[in-house]
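Values in this text are rule-based calculations from the coordinates and carry no lab data. Bear in mind the structure is a predicted one, so any value in this text is a computation, not a measurement. Glycine also receives a Cβ, built like all others from the backbone with ideal geometry; neighbour counts cover every protein chain displayed.
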Amino acid sequence: MPTIDLETARRVAKLARIRVPEADLPQLADELSGIISFMEQLNEVNVDGIEPMTSVTPMRLKRRADVVTDGDMQDKILSNAPDAREGFFAVPKVVE
Amino acid sequence: MKLNALNIADARDALRKRDVTSVELTQACLTAIDQADTLNAFAHKTPEVAMDRARAADQRIQAGDAPGLCGIPLGIKDLFCTEGVPSQAASNILKGFKPEYESTVSAKLRDAGSVMLGKLNMDEFAMGSSNETACYGDVVNPWKVDDRRLTPGGSSGGSAAAVAADLCLGATGTDTGGSIRQPAAFTGIVGIKPTYGRCSRWGIIAFASSLDQAGPMTRTVRDAAIMLGAMSGHDPKDSTSADIPVPDFEAALTGDIKGRKIGIPREYRMDGMPAEIEKLWADGTAMLKDAGAEIVDISLPHTKYALPTYYVIAPAEASSNLARYDGVRYGHRAKLDAGDGITEMYEKTRAEGFGPEVQRRVMIGTYVLSAGFYDAYYNRARKVRALIKHDFDEVFAAGVDAILTPATPSSAFGLGEMADADPVAMYLNDVFTVTVNLAGLPGIALPTGLDSAGLPLGLQLIGRPWGEADLLNTAYVLETAAGFVSKPDKWW
C-alpha cells in the first residue's frame, strides 16, 4: 500500500501553493494516503491499448477566425482586484 | 394553495390566464425565504433584483410575449456568476466577488423572463455530498423526522432545500459527480443532469471541467423539462457545448413508453444495500414494466472502478482550475508580513481562503498530476474512464433505451454524522451517480417513495447521449406511477 510520508505531503502542499503548518502535516499525510490507497484499485484493470476518453459523442471542436471579439474593458477586469493601481493588478515585489 | 408552492407549469398557466402576477408569485417566495433562514438555503438574497424582474415579466406577459419561464421565480446556485451579485462558490476565497458578467445559463433564464430570488448555498466549490463545506454554514434539509437536523445532500444542497421547502418554484444546480441527483433524492424533488455539452459551462465557476454540467432542480418532471429547455443550447463561448438542436422537452412527455427497453444493471446491487432501497428499486422496475416497458438485466462491468476513477480525475482538474485563486485578480488576499514575497502571498491566501475539503482535493490533484505519478494515476484513470463509457455504449448498442438504478445508497443522514468518517466514506454517496458524469450521459433522479422513518428516497434513470427528451418521458411515466406527493411538514 502506498503511503504519503511527511516529506511528500510537504512537497505536495508546496506545489499546490497552500501553506500547511508543520504540526498539521502528519494528519494531511494520513488523509492523502487513505485517498491514494483507495485509488490503487485501478491497478486491477487491464488498460492495454485503451485510448483515454475524449468526448461523449464524436464531435469536432468548433473553429473560428482568429480575430479579437471582445475587449476594451480594463475597468471591469480590475474591478474585483484586491489591489489595483494605475490600470494594473498590484502584487508584492517579485524581482529585487 | 400558497403561490410559492405552485409548480412551474401551473404558475405559467396561471400567469398566462392573468389569474396571478409575477409580482404576487415573487412576493410569496420572498416572504417564504425570509421565514426560512433556519434552513440556510439562500446565501445571498436579491429581493430588489427579483421585484424589478417580476415587474418587467408582468409587462411582457401583458404584451403577450411570454416564454414558458416568464415571471417564474427561481433560485440560482452560488456557482453561477451573476452580474453585480455576489458569486463565490460558497468559498471564502471569493469573498466579495461580484462578477461583471452573467453566466450563459443564468442569462438564458433571465432573458426568458424568469425572476432571480437570490443565490443558493452549496458545498464549497461544489466539493461535497452533504453541504457541510460551505463558508456560509450548513444547509438544513426541510425534511425532519426526529430531533436531528438532516443534510439536504450536496453539493447543490441549497437548491434542493429551497425547492423542497417551496422557497422558489425551481432552482439551478450543477452536477460533477451527483451534485444535482443526490440532493434531489435526499429532499424528495426532481433533478436532471443533462448530457455533457447540453448546457454551456461559460460563467459557471469551474470544478472539474470534463464532468461539470448544469441542470434544473424542480418539484415535477414536467417542470424539469420546461426549465431544461430554457437552459440548454449551443454557446460559442464554451467550446464543449454541443451545436445540436434542443428538442421541445415538455412536448416529449407523452406518457407512452410501450416497448421501451429498460436495463437493470446487476453491478449496482451493492453488498449491504438496505432492504428499503432494494424494494424501492424493484417497485420502480415493476411500475415501468406495468407501463409496457421491457425489462432486461444488463451488465456494466467496470462500475466498481468509477469512484476511484472519479477521485483521480475530478481533483486533477480541480487542482488546475483552482490555480487561478491566487489573491491577484479577485476575492481574498491574505494580509502579508514584512518581507513576504509573492509566493508567501499565494500560499497564505490559499490556506486562508480554501476550506479543508477543497485543500485536500487540490493537493490530491496536484499529487496525481505531479512528475512520476501522472501516468500511474491520471492517465490510467482516463483510460478506465473510457472503459466505463464503453460499458454504456455496449448496452445502448444492444437496444437498451434507459437504465434504472437507485439514486443514493441511503436516505438523508444527520448533519455532523459523517464528521469523523474518513473522506472516502463520504465519497460513497456518489456511487450510483458518478458513472453518469464519467460517461457524459444524462441522468435524472426523482422521488418514488419514503423509507420507514418517513424520509424520501429516489430512483435514477440514465439515458442515451442527447436523449433527454426520451429520458424525461420515461421519468414522467415513473413519476405518475409512483404518485409521490409527500411534502416536508413546515417546522422552520
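Key figures
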| read-out | value |
| --- | --- |
| Net length gained if the chain between B:Glu48 and B:Val485 were fully extended (0.36 nm per residue, minus Cα distance) | 154.0 nm |
| Point-charge dipole on Cβ atoms (K/R +1, D/E -1) for chain B, about Cα centre, debye to 20 | 520 debye |
| Helix-only [θ]222 nm of chain B, DSSP H runs n ≥ 4, -39500 (n - 2.57) each, per residue, nearest 500 | -11000 deg cm²/dmol |
| Debye log10 I(q)/I(0) at q = 0.10, 0.11 Å⁻¹ for chain B, Cα point scatterers | -0.69, -0.85 |
| Spatial separation of Cα centroids for region B:260-325 and region B:37-90, in angstrom | 34 Å |
| Segments B:459-465, B:388-394 sorted - mean Cβ within 10 Å per residue, highest first | B:459-465, B:388-394 |
| FRET efficiency for A:Lys76 and B:Asp340, using Cβ-Cβ distance with R0 set to 35 Å, rounded to 0.05 | 0.75 |
| Equivalent ellipsoid dimensions for region B:282-335 as semi-axes, Å, which come from the Cα gyration tensor, largest first | 46, 17, 8 |
| Ordering of B:298-307, B:218-227, B:325-334, B:134-143 by burial proxy (mean other Cβ atoms within 10 Å per residue, highest first) | B:218-227, B:134-143, B:325-334, B:298-307 |
| Shielding score for A:16-27, defined as the mean number of other chain Cβ atoms within 10 Å | 5 |
| Binned Cα-Cα distance frequencies in region B:96-250 - 5 Å width, integer % | 2, 11, 19, 23, 22, 14, 6, 3, 1, 0 |
| Potential extension, B:Arg18-B:Asp34 segment - 0.36 nm per residue separation minus Cα distance | 3.1 nm |
| Simple Cβ-charge dipole of region B:295-432, Lys/Arg +1 and Asp/Glu -1, about Cα centre, in debye nearest 20 | 400 debye |
| Mean Cβ count within 10 Å, highest first, over the residues of peptides B:156-167, A:83-94 | B:156-167, A:83-94 |
| Total formal charge among the other residues, if their Cβ is under 9 angstrom from that of B:Arg350, Lys/Arg +1 and Asp/Glu -1 | 0 |
| Mean shadow area of region B:5-93 over all directions, Cα convex hull, nm² | 6.4 nm² |
| Whole-angstrom gap from region B:129-193 to region A:43-75, using each part's C-alpha centre | 31 Å |
| Chain A - Rg (one decimal) and Dmax (whole number), Cα, Å | 22.7, 57 |
| Average beta-carbon neighbours from other chains, 10 Å sphere, peptide B:241-254 | 1 |
| Estimated distance in nm for a label pair at A:Ser37 and B:Asp375, the labels positioned 7 Å out from Cα along Cα-to-Cβ | 2.6 nm |
| Per residue convex hull volume, Cα atoms of region B:339-459, in Å³ | 163 Å³ |
| Virtual spin-label span in nm between B:Glu267 and A:Asp24, 7 Å along Cα→Cβ | 3.7 nm |
| For region B:343-393, convex hull of alpha carbons as volume per residue, Å³ | 93 Å³ |
| Pair A:Lys14, B:Asp297: separation of 7 Å Cα→Cβ label points (nm) | 5.6 nm |
| Rounded D (µm²/s) - the protein assembly as shown, Kirkwood Rh over Cα pairs, Stokes-Einstein at 4 °C, 1.567 mPa s | 53 µm²/s |
| Test item: B:342-352 mean partner chain Cβ contacts at 10 Å | 5 |
| Cross-link pairs beyond the 19 Å C-alpha cut-off, checked among B:Lys108/B:Lys389; B:Lys193/B:Lys279; B:Lys279/B:Lys304; B:Lys261/B:Lys289; B:Lys193/B:Lys487; B:Lys2/B:Lys193 | B:Lys108/B:Lys389; B:Lys193/B:Lys279; B:Lys279/B:Lys304; B:Lys193/B:Lys487; B:Lys2/B:Lys193 |
| Computed helical MRE - 222 nm, chain A, DSSP H runs ≥ 4 contributing -39500 (n - 2.57), nearest 500 | -9000 deg cm²/dmol |
| Sum of side-chain charges, A:Asn80 neighbourhood, beta-carbon under 10 Å (Lys, Arg +1; Asp, Glu -1) | +2 |
